[in-house]
Amino acid sequence: MAGSSGIVLFCLAVMYWFDIAVSENPGFQTRITAAGLNYANQEAIVQLSKSVRGQKINIPPGKSGSVSYSITDAEITKFVPPSSSSLKPIAGSGLKWSASNIDLAMSGHFKYTFKKVIKISDHGSFDISVSGVSFSVQADFGMDTTGRPSIRAGPCTSDIGGVSIKFHGRWAWAYNAFRGQLAKKIKSLLKDKMCDLISRSLNTDAEKSLSSLKITMGIGKMLELSYKLTGPPKFTSDYMETYHKGEIDWKSAPSPPPFQAPTLPQWNDTSRMMYLWVSDFMINSLFYQAQQHNLLSYNLTAQDLPKSTRGVLNTTCTSSLCIGNFIPPLQQKYPNCQIELRMKSTKMPLISVVNGSIETKMAGLIALYVRPVKTSSTLYFKPRRTENELGSRLESNTRTSADYVLTMDANMTLTGQISVVEQVMHYKVTNMTITVSLRNSTIPNITEKALNFLIKYAVEKFIQPSIDDLGKKGILLPLGKVSLKNAKLVLLKDAFIIATDLVYHPDNEY
């Protein structure tokens, strides 16, 4: 049956767009509760009703004794959904799907040939009504060698309340005289075949679909998130859970981080349809790869600032708010220039949940360079170039006329709150502090107080607003045909949990 595989795939689509015996701690996990499974059951019945009506039934020609027959153009013309149905987890095993009182009707054409002493043949059409159909089937889940879920059909029972048949054609009056006996025969055949059809749908169609599920997702052009299973799904009487690797790696040359995911915190609430645990490990694995491949660097120039505030980076000042006023030796040695800040992380940032907020700690180097600017009364000023301790590592771009001034050690702590609205995760900075100390300078008599003032200004006017702008746009969660409803975010030790209800959109594309 198409519905049996469809309901399974709906549940797994929910889980994937996000052991207890697992081989490693998961980076994230999902829980679908009884409420979520009940919703999945309702949606599966709706989709089954839509897909069954008008479906063509391929019935191979056959032979019974001296009678050869064929049935063509068989089509389901009516489908009445079950009056009751349920999808329940079975502790330690899988899911059990039950439905009762399904009615359906089918029509088609027949042709037969009776050949013994004489040859008799005829053809016509028929209508069949089947009522009181019920079934109960168990689907058992595991994990294959690629980290994808596997499925196989478990115990199955089925029953059919009644079958009626009516023939149309030249000899229809004769066939209809025996339709009661034929209906009993068809009822027996359907009852015997029903579980075979359901089991084949699970073992073949559903298993084939699961074997092709995506278990990685690209992040930009260079990174990749692996969400393959770390162990088989777990089932209790109240919910089902899946456990995923949740590791971000370098796409072209995967190399796992030198740390493991911590044990995810326990959470007993089952009032929402789905719960998604996201470990610190997932974000920290991203930071590890970014650090290893020199992605955590940025050059801040006047062009990054609003036009009205670009003068703050000038060494020759036309207003009071100007770096030349805070660091007079800079103005004296490099007049008519603008400052560039070349920032680079020196060790992997670390994210953690602290006091109900997301905290990120970073350490790095900030190098100041000067670049001449052209004014109406001066030509380009080209100061003397000097060497510095950072060498070429901080000079990722061609120096052209930019010259090195000084280097600062910087330590930053960033705290913020995350929220989820529909399918988007947002971030808001609540506090951001950077402290700097002078490491090396080509200019004497520069105070750290002046440097910290400069960095504080950059944080308040540019860095923090830029992060908030990105956080306001948010990250679209890869949920495919599922969107979140009434989502609540809970921050716990080493992880955060998204508790949410779900809305299924069958017409969406992945």
Open item on the list: Run the helix sum for the chain: -39,500 (n - 2.57) per DSSP H stretch of 4+ residues, divided by residue count, reported at 222 nm to the nearest 500 deg cm²/dmol.
Closed with: -6500 deg cm²/dmol
Task: Farthest toward positive dipole pole in the stretch 54-212 [+1 Lys/Arg, -1 Asp/Glu at C-beta], among Thr72, Ile118, Met194 - done: Ile118
Task: Charge dipole of the chain about the Cα centre (unit charges at C-beta), most positive-ward option of Gly154, Phe462, Ser352 - done: Gly154
Task: Relative contact order for the stretch 58-151, counting Cα pairs under 8 Å that sit 6 or more residues apart, in percent - done: 26 percent
Task: the stretch 54-212, relative contact order [Cα under 8 Å, separation at least 6], % - done: 17 percent
TODO: Distance from a point 7 Å along Cα→Cβ of Leu189 to each backbone N in the stretch 92-120: keep the residues under 15 Å and list them by number.
DONE: 106-113
Open item on the list: What percent of all Cα-Cα pairs in the stretch 54-212 falls into each 10 Å bin, going from 0 up to the bin containing the maximum distance?
Closed with: 10, 30, 30, 18, 9, 3, 0
Open item on the list: Run the reach check for Lys473 against lysines, Cα to Cα strictly under 22 Å, same-chain hits fewer than 8 apart removed. What comes back?
Closed with: Lys221, Lys428, Lys461, Lys481, Lys485, Lys488
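Could you size up the charge dipole of the stretch 54-212 around its Cα centre, putting +1 on the beta carbon of Lys and Arg and -1 on that of Asp and Glu, and report it in debye to the nearest 20?
Roughly 640 debye, rounded to the nearest 20.
Set the Förster distance to 25 Å, then compute FRET efficiency between Ile219 and Lys361 from the Cβ-Cβ distance, nearest 0.05.
E(calc), rounded to 0.05, equals 0.70.
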Task: Radius of gyration and maximum dimension Dmax of the chain, Cα, Å - done: 34.2, 121
TODO: Only Cα pairs under 8 Å and at least 6 apart count here; give the relative contact order of the stretch 262-375 as a rounded whole percent.
DONE: 23 percent
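Throughout, read-outs are computed from the coordinates displayed, never taken from laboratory work. Computed from a prediction, not measured in an experiment: that's the story for all the values here. Here the Cβ is made from the backbone with ideal geometry for all residues, glycine too, and neighbour counts use every protein chain on show.
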